[in-house]
2 protein chains.
Amino acid sequence: MSLQQLMEDMGRQARQAAKALRTAGREQKDRALMLMADLLEENRQHLVRENRNDVEGAKEAGLSAAMIDRLTLSEAVIDSMIKGLHEVATLPDPVGEVTRMWKRPNGLLVGRMRIPLGVIGFIYESRPNVTVDAASLCLKSGNAVILKGGSEAINSNLALVSILEQALKNSGLPPKAIQVVPSTDREAVRILLEMEDSVDIIIPRGGEGLIRFVAANSRIPVLKHYKGVCHVYVDESADLEMALEICYNAKVQRPGVCNAMETLLVHESVAQEFLPAMFARFTDADVEIRGCEKTRKILPQVREASEEDWYEEYLDLILAVKVVRDMNEALNHIDKYGSNHTEAIVTTDYQRAQRFLTEVDSSVVLVNASTRFNDGGQLGLGAEIGINTSKLHAFGPMGLEELTTTKFVAFGSGQVRS
Amino acid sequence: MSLQQLMEDMGRQARQAAKALRTAGREQKDRALMLMADLLEENRQHLVRENRNDVEGAKEAGLSAAMIDRLTLSEAVIDSMIKGLHEVATLPDPVGEVTRMWKRPNGLLVGRMRIPLGVIGFIYESRPNVTVDAASLCLKSGNAVILKGGSEAINSNLALVSILEQALKNSGLPPKAIQVVPSTDREAVRILLEMEDSVDIIIPRGGEGLIRFVAANSRIPVLKHYKGVCHVYVDESADLEMALEICYNAKVQRPGVCNAMETLLVHESVAQEFLPAMFARFTDADVEIRGCEKTRKILPQVREASEEDWYEEYLDLILAVKVVRDMNEALNHIDKYGSNHTEAIVTTDYQRAQRFLTEVDSSVVLVNASTRFNDGGQLGLGAEIGINTSKLHAFGPMGLEELTTTKFVAFGSGQVRS
């Protein structure tokens, strides 16, 4: 069978499975999730063995230690997958919820009912635990999923999905609701992106290169974010102690992720007081500062920021710092260089807080809190399948609800249109 | 200036205008809408004159009488545009609404705030009044719009948009928030569909050919529907008098629109009683029936339906009729041949009503009401810019809310992530 045929078969089976999932109840889905957790527990040794093949292949291929670390299914990673399945089982089922209902003048009672999207194509890189996380969220929200993981993780992913399939089967759900592309051929991605009749939505997760490839080649709508150039603006009215903690957390707590701060904007009337204290904190944490001219007047030891720095997502212990004349300059800077991802203001001024919340065009806008809260779990969505920085469908972290849409339901008593 | 440059300039100006619209308040937007209505009133003669050029051109080009009718800006059509503007002004402003708010265990107060999508590309056919309808909905929802109307209507559209621009200007809003492509070159559509940096969403309205062209060539997400093959299922428990009225309304009241019934499914245990009565009503209204074998046993005078008939959107006084063994057969038929648009059941049975509402995967599902209610105005959305039968972003009629998205806003007191 050619790869094209194989993919099309997967698409047809996913569509069929999605139909059955539309009406699967919460109990049945949760039972399957709990069974998945049990089967992972039972098959630990098998998983570790299959994963070892991947890890050895990766070593032979000369992948970096960081990549190999991401690829490895340690006992701790298996624990976290099992815990994740339990957590998704406890989350409410979004499907069937009627979000609102109203009565028309003619007596027609109209509501909006949440329904699954259908079939999701999920394309990701080497972490095999993402396989289980994504599959569990798709299942709970009533969607079928076609998973295309990184080629380095193929043995791990096949082993994981065969366990998930078994759990679906034993719970009376269609086993083809969760499928993994069994090929490491990159052509499979291209074929998947053209299967618009059987796939409703594509979610890519990985580096900017992967996401740009997916966006450029997909005939199916893509929910994605390229990068997070997140800003914290320290206003002239800021509580500077609080600002110090928030900036430190936003930059240092986990610098390699998309919601870490990349640029700090400081109002000029507090820069003289704030920046030296900040610099001391950051220097202890090995953060390299790149500053604008005004910053360098206060901190002459820091390197000059270039125009490119303001666009940069460092994902590292590097921070661009700019001193701004006023809030307008901060807002204009964010508008020009930002990525519509996450921005925070530190202020004690009511009007500025409100203005920042209203005017900043980002998926998450915070007052007096760290940018690191742009995360489905942290914001209370339960768990997330990704973050979307395009505005269509869902803007920001996507949890179970964002994997659904709504249809209109109408209860009539013989209404006709005149 | 080349067409490419012209279009890109429009895109940049739209993006700039969208930025200003993000923070425009309801009063200002409504003032602009009311002023638009006043200026249309004042410029009736000018509009009729410009429209006459289009109509004469269309006549010379040999367009059909129906097309010319659609193209003509009669006094009644101008009245309806003015009325429409008043109505949109009275609708609530969706922008800024916080749809929900919740507190996290760490005290962070998180909500979702409605914001505009940004820039909308709206591509449509010859009705010039659609220009004003679409522009008013985009403005009210805080979006900038680039309008690409049919080439036959170019003079009318330019005249209309220059009036709308004037109203924006006089209300202190950016005049480039509403722009019309001043070229009749079809290449302009192709360019527009590739302007992914300046246009956030494409909404096409017109025949299936236009919509397929847009979907196949767009790099920007498209909200669209190809066709409406809408079904009414008359259940064995139906009140047959009610069923008669609903079916008649769904087919005859306005047969040329997407929410008219195209296929009637009748439970076999009521077919013998229902179909002759239905046939008599429909024959009076000149409706041609194409029936399945069982239908033709009851109504031998009707033509046989072919396999193609079940897929057909007639948009005309033609109806396909199928007698089904049970509700399962009805649901499977809808699943196979339907277009996820609008389906209705007529029943007095509680469980079947609930089952139909839950299982049918269409944007609007009705119990005991005509399919003709799939319409933004009829369902209570106020007014609609189109219907979407893909599930992403909005499923079904799209009103003002569907022209927005939500961002997360978070009120903190110094929260950092541990």
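The values are calculated or read from the model by the stated rules, or taken from the named source; none is laboratory data. Bear in mind that the values here come from a model prediction, so they are computed numbers and not experimental data. FYI the Cβ positions are ideal-geometry reconstructions off the backbone, even for glycines, and counts take in every protein chain you see.
Data table
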{"item": "Filter result for B:LEU315 (hydrophobic (A, V, I, L, M, F, W, C) and in a strand (DSSP E or B))", "result": "no"}
{"item": "Test for A:VAL88: is it assigned to a helix (DSSP H, G or I), aliphatic (A, V, I, L, M), more than 14 Å from chain B (Cβ to nearest Cβ) and surrounded by 20 or more Cβ atoms within 10 Å (Cβ to Cβ)", "result": "yes"}
{"item": "Count of segment A:117-137 residues which are within 14 Å of chain B (Cβ to nearest Cβ) and not small (Gly, Ala, Ser)", "result": "3"}
{"item": "Pairs where the first residue, in segment B:101-116, is more than 9 Å from chain A (Cβ to nearest Cβ) and the second is assigned to a strand (DSSP E or B) and among the aromatic types (Phe, Trp, Tyr), C-beta under 6 Å, 6+ apart", "result": "B:LEU109/B:PHE411"}
{"item": "Hey, B:ILE178 among the hydrophobic types (A, V, I, L, M, F, W, C), under 19 Å from the mean Cα position of the chain (by Cα) and either surrounded by fewer than 22 Cβ atoms within 10 Å (Cβ to Cβ) or not assigned by TED's automatic domain parsing to the domain that holds B:ALA285 (or both) or not", "result": "no"}
{"item": "Of all residues in segment B:395-409 being facing chain A (nearest Cβ under 8 Å) and in contact with a Ser or Thr (Cβ under 7 Å, 6 or more places away or on another chain), the one that is surrounded by the most Cβ atoms within 10 Å (Cβ to Cβ)", "result": "B:GLY396"}
{"item": "Matching residues in segment A:116-148 - criterion: being in a loop (DSSP other than H, G, I, E, B) and at pLDDT 95 or above", "result": "A:LEU117, A:GLY118, A:SER141, A:GLY142, A:ASN143"}
{"item": "Candidates B:LEU33, B:LEU21, B:LEU39 - the one that is within 26 Å of B:SER126 (Cβ to Cβ) and either touching a Ser or Thr at 6+ places or on another chain (Cβ under 8 Å) or within 14 Å of chain A (Cβ to nearest Cβ) (or both)", "result": "B:LEU33"}
{"item": "Test for B:VAL189: is it touching a Pro at 6+ places or on another chain (Cβ under 6 Å) and not in a loop (DSSP other than H, G, I, E, B)", "result": "no"}
{"item": "Among residues of segment B:241-264, those that are in contact (Cβ under 8 Å) with a residue 60 or more places away in the chain, crowded, with 24+ Cβ neighbours inside 10 Å and over 18 Å from A:GLN415 (Cα atoms), counted", "result": "1"}
{"item": "Condition broken by A:GLU165, with the remaining ones in (1) under 25 Å from A:LYS19 (Cβ atoms); (2) in contact with a helix residue (DSSP H, G or I) (Cβ under 7 Å, 6 or more places away or on another chain); (3) buried (at least 18 other Cβ atoms within 10 Å of the Cβ); (4) touching a residue at least 24 places away in the same chain (Cβ under 8 Å) satisfied", "result": "(4)"}
{"item": "Boolean, B:PHE274 is aromatic (Phe, Trp, Tyr) and more than 14 Å from every other protein chain (Cβ to nearest Cβ)", "result": "yes"}
{"item": "Looking only at segment B:241-259, and only at residues there that are assigned to a loop (DSSP other than H, G, I, E, B) and more than 10 Å from chain A (Cβ to nearest Cβ), the one that is nearest to A:ALA216 (Cα to Cα)", "result": "B:CYS258"}
{"item": "Residue check, A:ALA238 touching a residue at least 60 places away in the same chain (Cβ under 8 Å), surrounded by 23 or more Cβ atoms within 10 Å (Cβ to Cβ), assigned to a helix (DSSP H, G or I) and within 11 Å of chain B (Cβ to nearest Cβ)", "result": "no"}
{"item": "Complete set of residues in segment B:270-326 that are among the hydroxyl-bearing types (Ser, Thr, Tyr) and over 20 Å from B:ARG254 (Cα atoms)", "result": "B:THR295, B:SER306"}
{"item": "Filter result (of a type in the set (A, V, I, L, M, F, W, C) and either more than 9 Å from chain A (Cβ to nearest Cβ) or within 19 Å of B:ILE115 (Cα to Cα) (or both)) within segment B:368-394", "result": "B:LEU381, B:ALA383, B:ILE385, B:ILE387, B:LEU392, B:ALA394"}
{"item": "Some residue of segment B:206-215 being at pLDDT below 95 and buried (at least 22 other Cβ atoms within 10 Å of the Cβ)", "result": "yes"}
{"item": "3 or more residues more than 18 Å from B:HIS333 (Cα to Cα) and not assigned by TED's automatic domain parsing to the domain that holds B:LEU244: qualifying strands (runs of 3 or more DSSP E) within segment B:343-418", "result": "B:386-388, B:396-398, B:404-415"}
{"item": "Segment B:78-109 - residue that is β-branched (Val, Ile, Thr) and over 19 Å from the mean Cα position of the chain (by Cα) and, of those, modelled with the lowest pLDDT", "result": "B:THR99"}
{"item": "Any chance B:GLY172 is assigned to a helix (DSSP H, G or I) and either buried (at least 19 other Cβ atoms within 10 Å of the Cβ) or not acidic (Asp, Glu) (or both)", "result": "no"}
{"item": "Pair list, Cβ under 9 Å, 6 or more apart: segment A:1-23 residue free of Cβ contacts under 8 Å to residues at least 12 places away in the same chain, other residue assigned to a helix (DSSP H, G or I) and acidic (Asp, Glu)", "result": "A:MET1/A:ASP9; A:LYS19/B:ASP335; A:THR23/B:GLU359"}
{"item": "Single unsatisfied condition, B:ASP361 versus (1) in contact with a Phe, Trp or Tyr (Cβ under 8 Å, 6 or more places away or on another chain); (2) closer than 28 Å to B:ILE201 by Cβ; (3) at the interface with another protein chain (Cβ under 10 Å from one of its Cβ atoms)", "result": "(1)"}
